[in-house]
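Asker: I have a structure here, written as structure tokens, and I will follow up with some questions on it.
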Amino acid sequence: MKSKNQAADGGGNGPKAARRSLAGAVCWMISDGKAGHETQARGVADALGVTVVTKRVAPKGPWRWAAPWGPVAPSEHFGQPASEFAPPWPSIAIAVGRASIPYIRALKRRAGPATFTVVLEDPKAGKGIADFLWVPAHDPLRGPNVMTTLTAPHNFSEARFAELRKRVPDAIAALPGPRIAVILGGKNAVYRFKDQDDDRLANALKSLGELGVSFMITTSRRTHVRLLGVVDAATAGRPRVMYTGVGDNPYADFLAHADALVVTADSVNMTGEACATGRPVYVFTPSGGSEKFRRFHEALRNNGATRELPERVETVPDWRYAPLDSSLQIAEEIERRYARRCAMLSGMMAADPAA
């Protein structure tokens, strides 16, 4: 029987995932419980087709402050029968979030080559903490066991979009095409969203509306009241669906059924998920920014996935590019490295990961 901190569920995301070479292997997903972190780990796990056992960690006091450099608290009895982290060890473990790092480090030390350890995002604790690390290309960490991709892993695979597109929700079906998804972030430590920025975005959306489009608009937790107000006013004259956090979240359907998208520049994850669609993505850049965000958005523009949202849109966007599925890329690299380890240590690891 699973504890409240541990849940097992089947991985895989459609027929393609079922053919993965690691399909069926037990995977521990170790996270700090943040939704964005778990989305990344789940995206990779689904692409691998593994059976996920979720382990959320929340170290207390000095053990929380010491992460990612410190050890697991002795009171958690890591590796002992009564612990959340006890044998049998999994074939693979994916950790994400600073608080997860002491646990993946301890697992690597206890399980040895029996478990292939993966860390997503730069752990700020050295490359040796896991067998394989992924970081976004705009981060500086590099090394022989480090992989980079343009966007973060997500759970919007080609197979998932295919399933979503088989059925159009009534509210979206009622919208005339072309449909424009508008994905609103908001103020953070990097982007300021001054009043003139809000107005600039609203005017651009109004010009899109004048081209005869309909809108699917969704907010995030950071969307400030003034931004929502001016966007509301700018799109009020056009058919639309607007989600502000009440009721079922239509975000996945907005992505699947959009002919083009507008996303604010403040979120790497939201921009990357928009680029998983293969549909045109306009990025709106408010005041502020950082070198890290600049590198990220420049790489997507160079790839042909995104363009900067003009102050006035003259034509409905219609460019195309290959959908950016970083989860699949990461999964394929993990499979290659895992197979190489199995070949090197054939006497120490099972050739069949599900055995």
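Every number in this text was worked out from the coordinates using simple rules, so none of it is lab data. Keep in mind that what you see is a predicted model, and the values were worked out from it rather than measured. Because the Cβ atoms are built from the backbone with ideal geometry, glycine has one as well, and the counts that use them run over all protein chains shown.
Asker: For a label point 7 angstrom out from the Cα of Ser207 toward its Cβ, which stretches of the stretch 304-341 have the backbone nitrogen within less than 16 Å?
Answerer: Those under the cut-off are 307-318.
Asker: Just from its helices, what would the mean residue ellipticity at 222 nm be for the chain, if runs of 4 or more DSSP H residues each count -39500 (n - 2.57) and the sum is divided by every residue, rounded to the nearest 500 deg cm²/dmol? Walk me through the numbers on the way to the answer.
Answerer: Details: 12 runs with 120 residues, N = 355.
Mean residue ellipticity, 222 nm, calculated: -10000 deg cm²/dmol.
Asker: While we're here: Fewest Cβ neighbours within 10 Å first, please rank Met344, Met29 accordingly.
Answerer: Met344, Met29
Asker: Which of Gly288, Pro323, Pro74 sits closest to the plus end of the dipole of the chain, meaning its Cα is farthest towards the positive end, when Lys and Arg get +1 and Asp and Glu get -1 on the C-beta?
Answerer: Towards the positive end, the residue furthest out is Pro74.
Asker: Hey, what angle do you get for helix 225-235 against the long axis of the chain, alpha-carbon based, 0 to 90 degrees rounded to 10?
Answerer: 50 degrees
Asker: When the dipole is taken about the Cα centre of the stretch 247-302, and only Lys, Arg (+1) and Asp, Glu (-1) are charged at their Cβ, what size is it in debye, to the nearest 20? Display every interim value, and only then the final one.
Answerer: Numbers: 5 positive and 7 negative charges, 64 e Å.
With Lys and Arg at +1 and Asp and Glu at -1, about 300 debye.
Asker: If you don't mind, another one. I'd like the orientation of helix 326-344 relative to the chain: the angle between its Cα long axis and the longest Cα principal axis, in ° from 0 to 90, rounded to 10.
Answerer: Once rounded, one gets 20 degrees.
Asker: While we're looking at this one, here's another question. In what sequence, highest mean first, do 233-240, 147-154, 285-292 appear when ranked by Cβ atoms within 10 angstrom?
Answerer: On the way: 233-240: 16.4, 147-154: 22.2, 285-292: 14.5.
Going from most to least packed, we get 147-154, 233-240, 285-292.
Asker: Sorted from fewest to most neighbouring beta carbons within 10 Å, what does the list Arg307, Arg221, Arg160 look like?
Answerer: Arranged by neighbour count, lowest to highest, Arg307, Arg221, Arg160 become Arg221, Arg307, Arg160.
Asker: Mean separation of Cα pairs under 8 Å and 6+ residues apart, divided by the residue count of the chain: what relative contact order is that in percent? Write down the numbers at each step before the final one.
Answerer: On the way: 710 pairs, mean separation 60.4, N = 355.
Reported relative contact order: 17 percent.
Asker: What is the count of Lys pairs in the chain whose alpha carbons sit under 13 Å apart, if the two are 8 or more places apart or on different chains?
Answerer: Lysine pairs meeting the criterion: 4.
Asker: Take every Cα pair under 8 Å in the stretch 12-106 that's 6+ residues apart, average their separations, divide by the length, and report that relative contact order as a whole percent.
Answerer: 36 percent
Asker: If you don't mind, another one. For a quick check: with amide H placed at 1.01 Å from N, whose amide H comes under 5 Å from Phe116's, ignoring anything fewer than 5 positions away on the same chain?
Answerer: Ile92, Ala93
Asker: Restrict the search to the stretch 28-115; then list the trypsin sites (Lys or Arg not before Pro) that DSSP places in a loop and that have at most 15 other Cβ atoms within 10 Å of their Cβ.
Answerer: Within the stretch 28-115, the qualifying trypsin sites (Lys or Arg not before Pro) (loop, at most 15 other Cβ atoms within 10 Å) are Lys34, Lys60.
Asker: What residues qualify as long-range amide H neighbours of Thr264, i.e. H under 5 Å apart, gap of 5 or more or another chain, H built at 1.01 Å from N?
Answerer: Long-range HN contacts for Thr264: Ile183, Gly185, Phe284.
Asker: Also, I was wondering about something else. Which value, in Å to one decimal place, does the Kirkwood hydrodynamic radius take for the stretch 207-355 when every pair of different Cα atoms is included?
Answerer: The answer is 18.0 Å.
Asker: Non-local amide H neighbours of Met147 (under 5 Å, H modeled in plane, Pro and chain starts lacking H): which ones?
Answerer: Here the answer is Leu133, Trp134, Val135, since their amide H atoms fall under 5 Å of that of Met147.
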